[in-house]
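Reading through the structure tokens given below for one structure.
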Amino acid sequence: MTQSRHQSGFVLVLVLAMLVVLGLLAGSIAAVTSRLLEQSQQRAQAMQDALDMDSTRATVLYLLSTQRMTLGGLTVDNMVSGGEDGVRPAVSDADLESWLPIGNEVALDGRANQGLGGARFALQDDYGLFGVNWNPPDKLEKLLAQGGQPRPVSAGALFNRLMDYQDRDDLYRLNSMEAEGYRAAGMAPPTNLPVATPMELMRVIGWQQALSYLSPAQISATLTVEPASIVNVNTAPAAVLLTVDGMDAEKAARTIAFRKVQPFLSALAFSEFLGLEKSMEAPVAVYPAASGTLKLWPSHGGQVTLMHWSMTPIEDKGHPWREDYELIQSQAPATDAVAEPVRSRLFRKPVAARQ
């Protein structure tokens, strides 16, 4: 009798142990399955994000190469302003020469737009950015002063160092440096070539500290290395508007609020709106440049792809545009709440990725 009870107890313990093992095994299988499912969903989402962004990129470049610009930005679907008759399709070459805003343009002021599928994009023309190679030191001083911090190197010295970094001689400008100074500071010597991107400014002695108040994303949204010495008041961010003579924070905010409703039709209209004296020495622009940046990112957030484009419609045997460089920037916020729809038939049908 006692032996039988011992055997029954042993069997019961064995069964319980097996149940525990099976439970743990089932839990492990469920966890692994859940993790694999999550990874599969992430891969599928990444594939769809890449497809949406590539499709949006190709569509925007197509629009840039086939549609005209107005004072309001990039037009879509070959529409023109018909004056009192409203907006109508273009019917003649004269229509294509009109700069008057239509109201359906894609703005080139860096605002977020809804791309194809879940992609988001933003366009910025170079006239809306600060041209570091083409603006004089007094303009650079106005830009850097917004950092609100003391700088051991003046704007004039920074400008001279940038010039010496790019030129091919070993002659020193005032308060500047050449290869020997870079080696003494433990930095790579000057390339003696034009800087290719705004981020290359970090390799010029003194510039990294001077721009430390800006993040890498803010640097690319503020500066350009393209030949731009005027400011497009229809597309420039507040930081660049503040480099215009007579501007302050309140006037910059008024400018941005006004142009969201109606772009400025002339430099004179801009000056009169703010009560500024028109200066021939510091002109402003109202028409976008034929070059700029395109940013792309997923609507749920993620890394931002930035590419610089230049329109080349008369380049012999070339494309109507050129991609000058491409950068990957930090995490983008989700912008579904603020992204504006593009009023073009090309953005109505997203493409689905194959599973």
Of the residues that make up region 292-299, is at least one surrounded by fewer than 17 Cβ atoms within 10 Å (Cβ to Cβ) and under 25 Å from the mean Cα position of the chain (by Cα)?
-> no
For Val304, which of the numbered conditions (1) surrounded by 15 or more Cβ atoms within 10 Å (Cβ to Cβ); (2) not in a strand (DSSP E or B) fails to hold?
-> (2)
Does region 275-334 hold any residues that are at pLDDT 90 or above, closer than 30 Å to Met47 by Cβ and hydrophobic (A, V, I, L, M, F, W, C), and which are they?
-> Leu294, Leu296, Trp297, Val304, Leu306, Met307, Trp309, Leu327, Ile328
Could you list, in sequence order, the residues of region 214-251 that are among the charged types (D, E, K, R) and part of a helix (DSSP H, G or I)?
-> Glu250, Lys251
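Quick grid of which residues meet (1) touching a helix residue (DSSP H, G or I) at 6+ places or on another chain (Cβ under 8 Å); (2) among the hydrophobic types (A, V, I, L, M, F, W, C); (3) farther than 14 Å from Phe121 by Cα:
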site	(1), (2), (3)
Gln42	no, no, yes
Gln48	no, no, yes
Met53	no, yes, no
Arg57	no, no, no
Val60	no, yes, no
Leu64	no, yes, no
Gly72	no, no, yes
Val76	yes, yes, yes
Trp99	no, yes, yes
Which ones in region 56-69 are out of contact with any strand residue (DSSP E or B) (no Cβ under 7 Å at 6 or more places or on another chain) and of a type outside the set (D, E, K, R)?
-> Ala58, Thr59, Tyr62, Thr66, Met69
Could you run through region 153-168 and say how many residues are in a loop (DSSP other than H, G, I, E, B) and hydrophobic (A, V, I, L, M, F, W, C)?
-> 1
Taking region 169-206 and keeping only residues that are in a loop (DSSP other than H, G, I, E, B) and among the aliphatic types (A, V, I, L, M), one is left with Leu171, Leu174, Met177, Ala185, Met187, Ala188, Leu193, Val195, Ala196, Val204, Ile205
Quick check: is even one residue across region 141-158 surrounded by 16 or more Cβ atoms within 10 Å (Cβ to Cβ), among the basic types (Lys, Arg) and under 21 Å from Asn232 (Cβ atoms)?
-> yes
Check whether at least one residue in region 75-87 is among the β-branched types (Val, Ile, Thr), modelled with pLDDT of 75 or more, assigned to a strand (DSSP E or B) and surrounded by 10 or more Cβ atoms within 10 Å (Cβ to Cβ), and report yes or no.
-> no
Quick one: which of Leu100, Leu74, Leu96 is under 20 Å from Met307 (Cα atoms) and either assigned by TED's automatic domain parsing to the domain that holds Val233 or free of Cβ contacts under 8 Å to residues at least 60 places away in the same chain (or both)?
-> Leu74
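The values are calculated or read from the model by the stated rules, or taken from the named source; none is laboratory data. Here the structure is a predicted model, which is why all the values come from computation and not from measurement. Cβ coordinates were reconstructed from backbone atoms using ideal geometry, including for glycine residues, and neighbour counts include every protein chain displayed.
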